[in-house]
Amino acid sequence: MLSPRAHALLSALLDGLPGTKHILTLHTRHAMVTAVERRESGFDVERPAVVERLCTAVTSGGLAAVVLRTLTDQVSHTLPGGVEVPVGLVRGWTVTERSLVPLDEARMFDAHCTDSASGEPIPPERGVVYTDAPAVDLTLFHGT
């Protein structure tokens, strides 16, 4: 179950974004991942501790990054056996000075399509569309 602060942060992060199914990855010292489904009554969060840790990072101003993958209703491709793979919209933010700073499409593409060891380009993941992250209004989060 999410704390009121975590609920406010997740509400702000997902405000205005399409889709109901998301995968949130938080990068601090170690990557943490959770599935998030937006529902009429709130959120179904697979691992609430990930969102709570994001709250701590934003509140403390700690160094962190957030990547949000939104699963769309569009089918990218079909795997052998008939499993349809949805198109995923990928966007991200850095945590700086108690705020979420949006990253643009080019930065997201570079971060995901560059080999970290060699610096060489690697092909994008099939079915992924890198997109600009919107600004996130954390007024309600900081007020909780």
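What number of residues within the range 1-26 are in a strand (DSSP E or B) and crowded, with 18+ Cβ neighbours inside 10 Å?
Qualifying residue count for the region: 3.
What number of residues within the range 76-104 satisfy the criterion of being crowded, with 19+ Cβ neighbours inside 10 Å and either in contact with a helix residue (DSSP H, G or I) (Cβ under 7 Å, 6 or more places away or on another chain) or among the aliphatic types (A, V, I, L, M) (or both)?
The total comes to 7.
The rows are residues; the columns are (1) at pLDDT 95 or above; (2) among the hydroxyl-bearing types (Ser, Thr, Tyr); (3) at positive phi.
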{"position": "LEU14", "(1), (2), (3)": "yes, no, no"}
{"position": "GLY42", "(1), (2), (3)": "no, no, yes"}
{"position": "GLU46", "(1), (2), (3)": "yes, no, no"}
{"position": "ARG53", "(1), (2), (3)": "yes, no, no"}
{"position": "SER60", "(1), (2), (3)": "no, yes, no"}
{"position": "ARG91", "(1), (2), (3)": "yes, no, no"}
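Can you tell me which of THR34, THR28 is closer than 21 Å to ASP104 by Cα and either free of Cβ contacts under 8 Å to residues at least 40 places away in the same chain or of a type outside the set (Gly, Ala, Ser) (or both)?
THR28
Pull up the range 54-75, narrow it to residues that are assigned to a strand (DSSP E or B) and β-branched (Val, Ile, Thr), then point me to the one that is surrounded by the fewest Cβ atoms within 10 Å (Cβ to Cβ).
Applying the filter and picking the extreme gives VAL75.
Hey, can you tell me all the residues within the range 39-53 that are surrounded by fewer than 18 Cβ atoms within 10 Å (Cβ to Cβ) and either of a type in the set (A, V, I, L, M) or in a strand (DSSP E or B) (or both)?
Across the range 39-53, the qualifying residues are ARG39, GLY42, ASP44, ALA49.
The values are calculated or read from the model by the stated rules, or taken from the named source; none is laboratory data. Everything numeric here is computed off the predicted structure, so don't read it as measured data. Please note: Cβ atoms are built from the backbone with ideal geometry, for glycine as well, and neighbour counts cover all protein chains shown.
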